[in-house]
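Chemist: Sharing a structure below in structure tokens format, with a few things to ask.
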Amino acid sequence: MPIFPPATAPEVAELLTALNEELLLSIAAIRMAPRGGWSFRDAVEEMTRSSHPAMAQRQRPDGTFEEEPFDLIVPPPTRFDVCDPYGFRIDTPSSATTIAADKFLAAFDGNSPQAEAVSRMWSAWFYALWDEDYRHRLAGLHECEPRDIQHEYFADLRKLRHDTAHGKGLARKKGAARCTVLTPFREGRPIVLRFSHFREIVEKFPWDYLATKPGPAPARMDSLTVSVEDALVERFRRAATADGKTVHAATEEAITMWLAGRAGLAGT
């Protein structure tokens, strides 16, 4: 569970906690093939549902030993480490990569959203979840624009997503091979997320940054593609040249004047 700064608003902490659960549960599901997950869940339920006969050795007063039967009761697990390189052990200490056992096991239900995500690419699914959902909800809580929430961590996830979906799964020179927060992949090599990558994804998640309201993002240029009659375009170009302006500058001025006029009409 991430630790947020003391000044974090409760509703922001609640949203980020939900995002953290999505992160950990999706990693858990993607690391275990669906059938392996179901088998693991069934084995845990069987192991903890009833007692199991076992034998123990007891030492007699004369120094000899005798076997004594007893019932072995395995307590239900409390948590699992989704990035444990040795698999998923019943008893593991709490850490940044652990999740409650009941939520962990529920993720392997055939209809759980985490299990369904297995059939998709993790980076594409999780980046879309962040960029199209949580980013907008977080911006609403911070009372800012979604584009104000920018971090190189998510830029790296976008590179992984793009190279996986559009680059044949190979790291491109300007993509996954140029990650700055996450460890970059070698250019031209397949992007395969193993437990070490997922652990890094969890441990480098920018919780402190997301918990604080960001400043406004600097304005950036965007294209506006329109089709205009060629004669009008030519008149516009000549007028801009006569005024010593570039077409770009003249276009910005024209749009600004149109919006100002429209606002004036709306106020009357």
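The values are calculated or read from the model by the stated rules, or taken from the named source; none is laboratory data. Treat the numbers as computed from the prediction; the structure is a model and nothing was measured. Cβ: placed from backbone, ideal geometry, glycine included. Neighbour counts: every protein chain shown. Side chains included, ligands, DNA and RNA excluded: accessible areas come from the protein's heavy atoms. Shrake-Rupley method; radii C 1.70, N 1.55, O 1.52, S 1.80 Å.
Chemist: Mind listing whichever residues of region 148-175 are in contact with a Lys or Arg (Cβ under 6 Å, 6 or more places away or on another chain) and either farther than 30 Å from A13 by Cα or open to solvent by 30 Å² or more (accessible area, probe 1.4 Å) (or both)?
Modeler: D163, A171, G175
Chemist: Let me ask something else about it. So the check is Cβ under 7 Å with 6+ separation or different chains; which pairs have a first residue in region 28-48 that's farther than 24 Å from R199 by Cα and a second one that's modelled with pLDDT under 85 and open to solvent by less than 50 Å² (accessible area, probe 1.4 Å)?
Modeler: M47/V74; T48/V74
Chemist: Filter region 203-232 for residues that are surrounded by 12 or more Cβ atoms within 10 Å (Cβ to Cβ) and among the small types (G, A, S); which is nearest to the chain's Cα centre (by Cα)?
Modeler: Applying the filter and picking the extreme gives A211.
Chemist: Still on this structure, I have one more. Here are some conditions: (1) out of contact with any His (no Cβ under 6 Å at 6 or more places or on another chain); (2) surrounded by fewer than 18 Cβ atoms within 10 Å (Cβ to Cβ). L72 meets all but one. Which one does it not meet?
Modeler: Going through (1) out of contact with any His (no Cβ under 6 Å at 6 or more places or on another chain); (2) surrounded by fewer than 18 Cβ atoms within 10 Å (Cβ to Cβ) one by one, L72 breaks only (1).
Chemist: Here's something else I'd like to know. State whether the residues of region 62-78 include one that is under 26 Å from the mean Cα position of the chain (by Cα), in a helix (DSSP H, G or I) and of a type in the set (S, T, Y).
Modeler: no
Chemist: OK, next. Which residues, counting only those in region 137-147, are open to solvent by 10 Å² or more (accessible area, probe 1.4 Å), in a helix (DSSP H, G or I) and either of a type in the set (K, R) or closer than 18 Å to T8 by Cα (or both)?
Modeler: Result: R137, G140, L141, H142, R147.
Chemist: Here is a check on your reading of the model: is L182 in contact (Cβ under 8 Å) with a residue 12 or more places away in the chain, in a loop (DSSP other than H, G, I, E, B) and closer than 30 Å to F40 by Cβ?
Modeler: The answer is yes for L182.
Chemist: Do we have R60 as among the charged types (D, E, K, R), within 27 Å of N20 (Cα to Cα), surrounded by fewer than 11 Cβ atoms within 10 Å (Cβ to Cβ) and out of contact with any helix residue (DSSP H, G or I) (no Cβ under 9 Å at 6 or more places or on another chain) here?
Modeler: no
Chemist: Is there any pair with a first residue in region 100-114 that is surrounded by fewer than 18 Cβ atoms within 10 Å (Cβ to Cβ) and a second that is among the aromatic types (F, W, Y) and part of a helix (DSSP H, G or I) whose Cβ atoms are under 9 Å apart and which are 6 or more apart or on different chains, and what are they?
Modeler: So the pair list comes out as D109/W38; G110/W38.
Chemist: Let me ask something else about it. What are the residue pairs meeting all of these: first residue in region 208-221, first residue closer than 19 Å to I3 by Cβ, second residue open to solvent by less than 90 Å² (accessible area, probe 1.4 Å) and at pLDDT below 95, Cβ atoms under 7 Å, and 6 or more apart or on different chains?
Modeler: Within 7 Å, the pairs are D208/P5; A211/F4; A211/P5; A211/T8; T212/P5.
Chemist: Then there's this: Just a yes or no: is a residue in region 15-34 touching a helix residue (DSSP H, G or I) at 6+ places or on another chain (Cβ under 9 Å), buried (at least 17 other Cβ atoms within 10 Å of the Cβ) and of a type in the set (D, E)?
Modeler: Yes, the conditions are met somewhere in region 15-34.
Chemist: Filter region 186-202 for residues that are surrounded by 14 or more Cβ atoms within 10 Å (Cβ to Cβ) and in contact (Cβ under 8 Å) with a residue 24 or more places away in the chain and give the result.
Modeler: Within region 186-202, I191, L193, F195, F198, R199, I201, V202 qualify.
Chemist: Another question, then. Report the residue count in region 78-95 for those that are surrounded by 13 or more Cβ atoms within 10 Å (Cβ to Cβ) and within 20 Å of S26 (Cβ to Cβ).
Modeler: 9
Chemist: Do we find that R235 is over 25 Å from I27 (Cβ atoms), over 41 Å from the mean Cα position of the chain (by Cα) and open to solvent by 60 Å² or more (accessible area, probe 1.4 Å) in this structure?
Modeler: Criteria met by R235.
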